[in-house]
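**Student:** One structure, pasted below without further comment.
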Amino acid sequence: MNELDALVESARTGFAQAATPADLENAKARFLGKSGRITELMKGMAALGVGEKKSRGAAINLAKQAIEAALNERRQALLDAELQAQLKAEALDVTLPGRQRGQGGLHPVSLTLERIEAIFGSMGFDVAQGPEIESDWFNFTALNTPEDHPARSMHDTFYVEGGTEAAPNLLRTHTSPMQIRYAVQHVKKHRARVDAAKAKGDTGVAGMPEIRVIAPGRTYRVDSDATHSPMFHQCEGLWVGENVSFKDLKVVFTDFCRTFFESDDLVLRFRPSFFPFTEPSAEIDIQFQQGPLAGRWLEVAGSGQVHPNVVRNMGLDPEHYIGFAFGMGPDRLTMLRYGVNDLRLFFDGDIRFLSQFQ
Ligand code: DAH
């Protein structure tokens, strides 16, 4: 191998050994740089004669071109390798599951409340919301439970000192205060309509529309175990008119329970009981004919015919208006519907429990 071939060969080896573009530039300098081997060979030609110069120059040029070609080839190879490495490092594994935003859903008790509202809505009941911080008047007194009435002791709750109708002082122990709040507004609106009509000389205004409402919401008591929580839910129901009887209560509530539990053979029992705001009063028990709870009586609501004193506190004459009320526990309905045995699970906020209802 002549000297020039050896030089080309050594350049190839040098380039091949360059592992990075910087190494390659250093290697290039050794062969093609200002004081590199090719430049030295060119300079060495000065001493040669004309004929020799020509052939020697052509040979050196060929060697130079070969070295440049090797250099470019190596440059490209290094660039390709770099690109490959980058692609590999940034590679997407398309088989990985995508990053999703967790999907939320309604709380099981909210699902129950929605269901209750839909069913009673289909029977013509309005849905009303009221304050959780309530006054003594609406929570007790207006509901025929005066101060010192023994029934108050079953409704131990959280109080602040003082408290008036305008400055409520306790956490409501039930949704029953909404009976009074809603009825009073209803009566007021009707009277305003009558007055406005009279002012226009119209005396033939129709009678007051019936009061038909449910009032779901949070309620509070000093109570805590597997079936009681200091904060829980209730849903009140009220239907007052000129001719609303206990029979209507039975029909409406039976219809509701059978629809809610999707069970046509569900049996209801109205068990005599006592509440200050109803007379007569009854606890409502249900009995499934199928499933794990079949045959057992399960209490789901309190109910009764609205007491005349309560009708009076609504702003109505109990000689003309009569109706029924009920109060049920949506938490308990949710437990029965889904087979949950500890009420506290609803309020622990454990995602493993809650996600089962999505
Ligand atoms: N408010 C009662 C309670 O919390 C439940 C209740 C009973 C509501 C009878 C009613 C009713 O409307 O008529 O224990």
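The values are calculated or read from the model by the stated rules, or taken from the named source; none is laboratory data. Fair warning: this is a prediction, and the values are worked out from it, not measured in the lab. Virtual Cβ from ideal backbone geometry, glycine too; neighbours counted across all protein chains shown.
**Student:** With the requirement that a residue be of a type in the set (Phe, Trp, Tyr) and surrounded by fewer than 16 Cβ atoms within 10 Å (Cβ to Cβ), what does region 331-356 give you?
**Tutor:** Correct list: 338, 347, 353.
**Student:** Within region 150-173, take every residue that is surrounded by 14 or more Cβ atoms within 10 Å (Cβ to Cβ) and within 13 Å of residue 276 (Cα to Cα) and give me the one that is nearest to the ligand (Cβ to nearest atom).
**Tutor:** By that ranking, first place goes to 155.
**Student:** Any residue at all in region 188-200 that is in the same structural domain as residue 316 (by TED's automatic domain parsing), of a type in the set (Lys, Arg), crowded, with 18+ Cβ neighbours inside 10 Å and in contact (Cβ under 8 Å) with a residue 12 or more places away in the chain?
**Tutor:** no
**Student:** Still on this structure, I have one more. Residues to consider are 88, 64; find the one that is basic (Lys, Arg) and under 60 Å from the mean Cα position of the chain (by Cα).
**Tutor:** Only one candidate qualifies: 88.
**Student:** If you check 85, 69, 58, which single one turns out to be in a helix (DSSP H, G or I) and under 23 Å from residue 13 (Cβ atoms)?
**Tutor:** Only one candidate passes the filter, namely 69.
**Student:** Under 6 Å by Cβ, and 6 or more places apart or on different chains, what pairs join a residue from region 318-338 that is under 12 Å from residue 108 (Cβ atoms) and of a type in the set (S, T, N, Q) with one that is away from the ligand (no atom under 12 Å from the Cβ) and not in a strand (DSSP E or B)?
**Tutor:** Partner pairs satisfying both residue conditions: 334/108; 334/109; 334/112.
**Student:** If a residue has to be more than 16 Å from the ligand (Cβ to nearest atom) and not polar (S, T, N, Q) to count, how many in region 214-240 make the cut?
**Tutor:** Qualifying residue count for the region: 2.
Table: residues versus (1) outside any helix (DSSP H, G or I); (2) touching a residue at least 60 places away in the same chain (Cβ under 8 Å).
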position: 251; (1), (2): no, no
position: 255; (1), (2): no, yes
position: 258; (1), (2): no, no
position: 264; (1), (2): yes, no
position: 268; (1), (2): yes, no
position: 271; (1), (2): yes, no
position: 280; (1), (2): yes, no
position: 284; (1), (2): yes, no
position: 290; (1), (2): yes, no
